[in-house]
Amino acid sequence: MNVKERYESAKEIYAAIGVDTDKAVETLENIAISMHCWQGDDVTGFDQKGPLTGGIQTTGNYPGKARTPEELMADIDKVFSLVPGKHKLNLHASYAIFEDGEFADRDKIEPKHFKKWVDFAKEKGIGLDFNPTFFSHSKVVDGLTLSSPIDEVRNFWIEHGKACIRISQYFAEELGIPCAMNIWIPDGYKDIPADRLGPRARFKDSLDQILSIPYDKSKVLVCLESKVFGIGLESYTVGSSEFTVNYAANNGIISLMDNGHYHPTEMVSDKISSMLLFNDKIALHVTRPVRWDSDHVVLFDDETREIAKEIVRNDAIDRVLLALDFFDASINRISAWTVGMRNMQKALLYALVSPNKRFKELQDTNQFTELMAMQEEMKTYPFGDVWDYFCEKNNVPVKGDWFREVMKYEEEVLSKRA
């Protein structure tokens with residue numbers, strides 16, 4: 001049977017348990033995932049030549065990483081040709097593009113330094129998200145930025161945050177799509193601090209100043225991301241979960257959860273329902289932590305599926321800003337991107353073709369034997385046939401055919417990069 005015939009057979013099987021696969025496919029076509037630009041060049045960016053600092057580290061030296069904006073855009077375009085649907089691109093401020101010898105430090109960057117990215121987004125018909133870059137810079141002093149006790153340092157990063165809000169609004173106005181602007185800082189201490197309150201008080205004041213500038217909150221969706229610890233910051237993180245969740249709730253911005261930014265026994269999938277009860281919107285960075293926040297390529301694994309289930313089961317597709325965050329320099333970067341994006345979509349589709357209403361009824365009526373049995377049976381339903389149809393319907397390669405495209409691109413393009 002061909003893809004369409006297999007899909008029609010799967011459609012009947014799912015219909016017998018009350019699942020409309022046509023509706024699931026249509027719903028997934030309208031879910032935009034924000035793909036992170038930094039997988040393509042190992043988080044290097046274009047505004048500085050130094051090493052990564054601030055708890056950011058990539059491992060591996062697979063050949064062919066993007067070295068210029070043009071190469072990075074070409075690589076991103078290739079990935080989008082292999083991933084079904086229309087998505088967004090997530091930029092860091094360090095990806096500013098300077099021309100004719102011009103340079104602006106991070107406290108002085110302007111919308112014009114991102115015009116080429118806007119032109120690229122317009123050409124591809126996608127939206128842009130944004131992140132201030134509070135790492136890999138000489139003004140990260142003693143591991144601190146917005147919480148620094150040095151006024152000059154803190155003021156520099158406050159101005160950077162304000163500049164990024166202005167750039168985010170430029171993206172939204174140019175593209176007609178709201179821009180999620182996520183704030184994450186690496187600030188913390190390696191050993192037990194003498195003062196836990198002071199750095200957080202300074203961080204709070206810095207955020208207050210950044211958010212004091214006028215901006216359109218319907219166009220710029222400011223998010224605040226927490227972290228449990230980082231390399232060299234093992235004992236104390238200024239932007240902890242408690243800090244960021246409370247600050248966001250009290251200041252009308254969005255909490256962002258990265259599932260690598262918690263204790264290994266904490267699951268973001270379990271946090272989503274609680275956050276949705278008290279927030280109109282939440283944001284996610286989906287990654288794959290291996291023992292710690294090591295930003296591995298997203299797989300079609302248990303936690304990714306559970307995250308997707310919580311989004312779908314709680315009718316929160318329009319309330320969750322969904323982005324990926326990983327960087328792996330040990331494998332082909334185009335493949336890493338493609339695997340991660342397609343797996344996030346697979347997880348969402350898996351949730352969409354589950355009989356969620358029936359599952360809830362069984363739980364609410366204490367029919368746990370049937371609930372377990374049915375959940376287990378679903379694991380061998382013909383989900384793959386629905387996924388293949390979704391790919392074919394969206395004119396992207398089916399099954400592993402995309403990998404041949406990646407290998408061809410490596411041979412023709414990536415292998416020629418010194």
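The values are calculated or read from the model by the stated rules, or taken from the named source; none is laboratory data. Fair warning: this is a prediction, and the values are worked out from it, not measured in the lab. Heads up, the Cβs are rebuilt from the backbone with ideal geometry, glycines too, and the neighbour counts pull from every protein chain shown.
Looking at (1) part of a loop (DSSP other than H, G, I, E, B); (2) surrounded by fewer than 18 Cβ atoms within 10 Å (Cβ to Cβ); (3) of a type outside the set (S, T, N, Q), find the lone condition where residue 173 falls short.
Here residue 173 clears every test but (1).
Hey, among 403, 368, 359, 326, which residue is modelled with pLDDT of 95 or more, aromatic (Phe, Trp, Tyr), farther than 18 Å from residue 25 by Cα and in contact with a His (Cβ under 7 Å, 6 or more places away or on another chain)?
Going through 403, 368, 359, 326 in turn, the sole match is 326.
Mind checking whether some residue in the range 276-295 is under 23 Å from residue 392 (Cβ atoms), touching a helix residue (DSSP H, G or I) at 6+ places or on another chain (Cβ under 9 Å) and hydrophobic (A, V, I, L, M, F, W, C)?
To start, the set of residues in the range 276-295 that are under 23 Å from residue 392 (Cβ atoms) comprises none.
Scanning the range 276-295 turns up no residue that is under 23 Å from residue 392 (Cβ atoms), touching a helix residue (DSSP H, G or I) at 6+ places or on another chain (Cβ under 9 Å) and hydrophobic (A, V, I, L, M, F, W, C).
Checking the conditions here, which among 156, 130 is part of a helix (DSSP H, G or I) and either buried (at least 16 other Cβ atoms within 10 Å of the Cβ) or of a type outside the set (Phe, Trp, Tyr) (or both)?
Selected residue: 156, the only one of 156, 130 that is part of a helix (DSSP H, G or I) and either buried (at least 16 other Cβ atoms within 10 Å of the Cβ) or of a type outside the set (Phe, Trp, Tyr) (or both).
Kindly indicate whether any position in the range 27-41 is modelled with pLDDT of 95 or more, farther than 16 Å from residue 348 by Cα and β-branched (Val, Ile, Thr).
Within the range 27-41, none of the residues are modelled with pLDDT of 95 or more, farther than 16 Å from residue 348 by Cα and β-branched (Val, Ile, Thr).
If the requirement is being surrounded by fewer than 16 Cβ atoms within 10 Å (Cβ to Cβ) and of a type in the set (Gly, Ala, Ser), which of these qualifies: 336, 329, 418?
418
Any idea which residue in the range 241-256 is nearest to residue 58 (Cα to Cα), counting only those that are touching a residue at least 40 places away in the same chain (Cβ under 8 Å) and outside any strand (DSSP E or B)?
Checked the range 241-256; the qualifying residue nearest to residue 58 (Cα to Cα) is 243.
Only one of (1) touching a residue at least 40 places away in the same chain (Cβ under 8 Å); (2) buried (at least 18 other Cβ atoms within 10 Å of the Cβ) fails for residue 98. Which number is that?
(2)
Can you pull out the residues in the range 211-230 that are assigned to a loop (DSSP other than H, G, I, E, B) and over 24 Å from residue 197 (Cβ atoms)? Break it down stepwise before answering.
Applying the first criterion (assigned to a loop (DSSP other than H, G, I, E, B)) to the range 211-230 yields 211-219, 226-229.
Scanning the range 211-230 gives 213, 214, 215, 216, 217, 218, 219.
Checking the conditions here, which among 104, 24, 66 is small (Gly, Ala, Ser), assigned to a loop (DSSP other than H, G, I, E, B) and buried (at least 18 other Cβ atoms within 10 Å of the Cβ)?
Step by step, each of 104, 24, 66 is checked, and only 66 is small (Gly, Ala, Ser), assigned to a loop (DSSP other than H, G, I, E, B) and buried (at least 18 other Cβ atoms within 10 Å of the Cβ).
With the structure loaded, tell me whether residue 201 is touching a residue at least 12 places away in the same chain (Cβ under 8 Å), outside any loop (DSSP other than H, G, I, E, B) and among the small types (Gly, Ala, Ser) or whether it fails that test.
So residue 201 does not fit the description; no.
For the range 318-365, give me each residue that is touching a residue at least 60 places away in the same chain (Cβ under 8 Å), in contact with a Ser or Thr (Cβ under 8 Å, 6 or more places away or on another chain) and part of a helix (DSSP H, G or I).
Matches in the range 318-365: 344, 352.
Where residues in the range 195-250 are of a type in the set (Val, Ile, Thr) and farther than 22 Å from residue 164 by Cα, which of them is modelled with the lowest pLDDT?
Ranking the qualifying residues of the range 195-250, first place goes to 231.
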